[in-house]
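The values are calculated or read from the model by the stated rules, or taken from the named source; none is laboratory data. From a predicted model like this one, the values you see are computed outputs, not experimental measurements. We place every Cβ from the backbone using ideal geometry, glycine too, and count neighbours over all the protein chains shown.
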Amino acid sequence: MKPSAITSGLICLLTFASLHAQDDWKLSKEVDGIQIYHRAQENQAVKALKIKTRMEGSASAAIAFLSDVNHACSWVQHCLKSFLIDKKSPTDYTFYQLIDFPWPYADREYVLHARISQDPNTHTIHLHSTAKPNAYPLTKGHFRVQTSDSHWKITPDKPGFISIEYTLQTDPGDTLPAWIVNLALEKAPLHTIRHMRQALRTEPYAGQKLDFIKEPSTR
């Protein structure tokens, strides 16, 4: 067999394996119309998480809610502190969050860089946040999380509704038992989703119109 054929075959196999891994989500449970999926992470006992649901509201309201980091402790479970560090634009900002962890473990602090984009054809919006652990000075007595990658995918549904898909891959570090971390990582986004459902129907988020978000025509 020619080397080029072998190389092509390996590329095909690796591509297939990569695509299969991307779709290897297992439905864990469904509660209140919220589907919860898990997937193993390579070389980690902590699982990746995906949540899918649908709710009343607009894409602009959803982004206004999720981007309101200075008030996020009202809807992020066990949040002790949340504030904006730097804002280059409404679609590019960095923020800090401190999350309460049970004794004897240190509270976790996250420094996250968020970016928002929208597909002009489907109107699907992506809010992608990644850990930037060196973007803010360390604070005494807290554990700075080094790895975190989350993605909100917001897709317009029928008029007045949106579909939500949230994925999270993180490693809170230290010697935390994996089963405790997996349970916490599942409960926290559920807490946010439930608050989000209510928030998108009320002020100040309901009726929001953001210049950088294009809503689909209802005609």
Which residues, counting only those in segment 185-219, are farther than 24 Å from L98 by Cβ and aromatic (F, W, Y)?
F212
Among the residues of segment 162-205, count how many are of a type in the set (D, E, K, R), modelled with pLDDT under 90 and not in a loop (DSSP other than H, G, I, E, B).
3
Just for segment 139-174: of the residues that are out of contact with any Leu (no Cβ under 9 Å at 6 or more places or on another chain) and free of Cβ contacts under 8 Å to residues at least 24 places away in the same chain, which one is nearest to L112 (Cα to Cα)?
K140
Answer yes or no: is there a residue in segment 182-205 that is without any contact (Cβ under 8 Å) to a residue 60 or more places away in the chain, crowded, with 19+ Cβ neighbours inside 10 Å and not basic (K, R).
no
Unique residue being surrounded by fewer than 18 Cβ atoms within 10 Å (Cβ to Cβ), of a type in the set (S, T, Y) and over 19 Å from D107 (Cβ atoms) when the list is T167, T122, T147, T139:
T122
Given the criteria small (G, A, S), loosely packed, with under 14 Cβ neighbours inside 10 Å and more than 18 Å from the chain's Cα centre (by Cα), does S89 qualify?
yes
